[in-house]
1. Which residues, taken from region 84-108, are within 12 Å of residue 54 (Cβ to Cβ) and touching a Gly at 6+ places or on another chain (Cβ under 7 Å)?
2. What pairs can you find where one residue is in region 64-84 and touching a residue at least 24 places away in the same chain (Cβ under 8 Å) and surrounded by fewer than 18 Cβ atoms within 10 Å (Cβ to Cβ), the other is outside any strand (DSSP E or B) and not β-branched (Val, Ile, Thr), and their Cβ atoms are less than 7 Å apart, with a gap of 6+ or different chains?
3. Taking only region 40-82 into account, find how many residues are over 23 Å from residue 125 (Cβ atoms) and of a type in the set (Asp, Glu).
4. Within the set of pairs 6 or more residues apart or between chains, which connect a residue that is in contact (Cβ under 8 Å) with a residue 40 or more places away in the chain inside region 86-97 to a residue that is of a type outside the set (D, E, K, R) and part of a helix (DSSP H, G or I) with Cβ atoms less than 7 Å apart?
5. Out of the residues in region 112-121 that are out of contact with any helix residue (DSSP H, G or I) (no Cβ under 7 Å at 6 or more places or on another chain) and under 23 Å from residue 84 (Cβ atoms), which is surrounded by the fewest Cβ atoms within 10 Å (Cβ to Cβ)?
6. Identify, by number, the condition in (1) buried (at least 16 other Cβ atoms within 10 Å of the Cβ); (2) closer than 16 Å to residue 25 by Cα that residue 46 doesn't meet.
7. Given the condition assigned to a strand (DSSP E or B), in contact with an Asp or Glu (Cβ under 9 Å, 6 or more places away or on another chain) and not β-branched (Val, Ile, Thr), answer yes or no: does some residue in region 84-101 qualify?
Amino acid sequence: MKPMKLDEIEIKVMETAERSAVKRLYREAGWWQESDQTTDGCSWIDTLVRQSFCFVGAFSSGELIGMGRAVSDGVSDAYIQDVVVLKKFRGLGIGAAIIEKIIWFLETRRIAWIGLIAEPGTQAFYQRSGFVLMEGYAPMLLKKKKD
C-alpha cells in the first residue's frame, strides 16, 4: 500500500453514517463492548449521528476511517466527543482535520465556548488545535447507585 497523504482524505459533516463503519471505529478505540449490543442491533448509532449537533467523518476511497462529533444546545456552548481515526491511518493529520472541521462548523453557528474531555495521554493532540487545560475545573461523572 502506498503512503497516504492528508489531501487524499475527504473530511465532511454528515447527517447519516453506516452503522458498521461507526461500530468499527468505536471498537478500535476501545469504546465498544459486545454487551453494548441491544435487541435492535445497532440502531442507536443512527440516533447518535442524527442527534449530534455536528458529526464529521473522514473518508479514504469512500471508506469511513475517522470520525468526531459535537453535542450542543446550538446557542451557547458545545462539547467535542468521540474523535477517533483507524490505527492504520493515524499520524497523517486526519484527527486534527476532523477537529478543525468541527470547530469550523461550530464557529459558523456562532458557538464560541467549545470544550472537551481528553483521554489520558491525548492532551498534547488537543493542545495543538488550541485547547488548553481548564484551570480550577474538574470533569465529573454521575456514578449510579446499585439497586
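1. Once the filter is applied, which keeps residues that are within 12 Å of residue 54 (Cβ to Cβ) and touching a Gly at 6+ places or on another chain (Cβ under 7 Å), region 84-108 yields 98, 99, 102.
2. That search, which allows pairs on different chains as well, returns 74/53; 74/109.
3. 3
4. Filtered contacts from region 86-97: 86/25; 92/6; 93/6; 94/6; 97/6.
5. 120
6. (1)
7. no
This table checks each residue for (1) among the charged types (D, E, K, R); (2) under 17 Å from residue 81 (Cα atoms); (3) modelled with pLDDT of 95 or more.
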{"residue": "107", "(1), (2), (3)": "yes, yes, yes"}
{"residue": "110", "(1), (2), (3)": "yes, no, yes"}
{"residue": "123", "(1), (2), (3)": "no, yes, no"}
{"residue": "131", "(1), (2), (3)": "no, yes, yes"}
{"residue": "141", "(1), (2), (3)": "no, yes, no"}
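The values are calculated or read from the model by the stated rules, or taken from the named source; none is laboratory data. Predicted model only: the values in this text are computed from it and were never measured. FYI the Cβ positions are ideal-geometry reconstructions off the backbone, even for glycines, and counts take in every protein chain you see.
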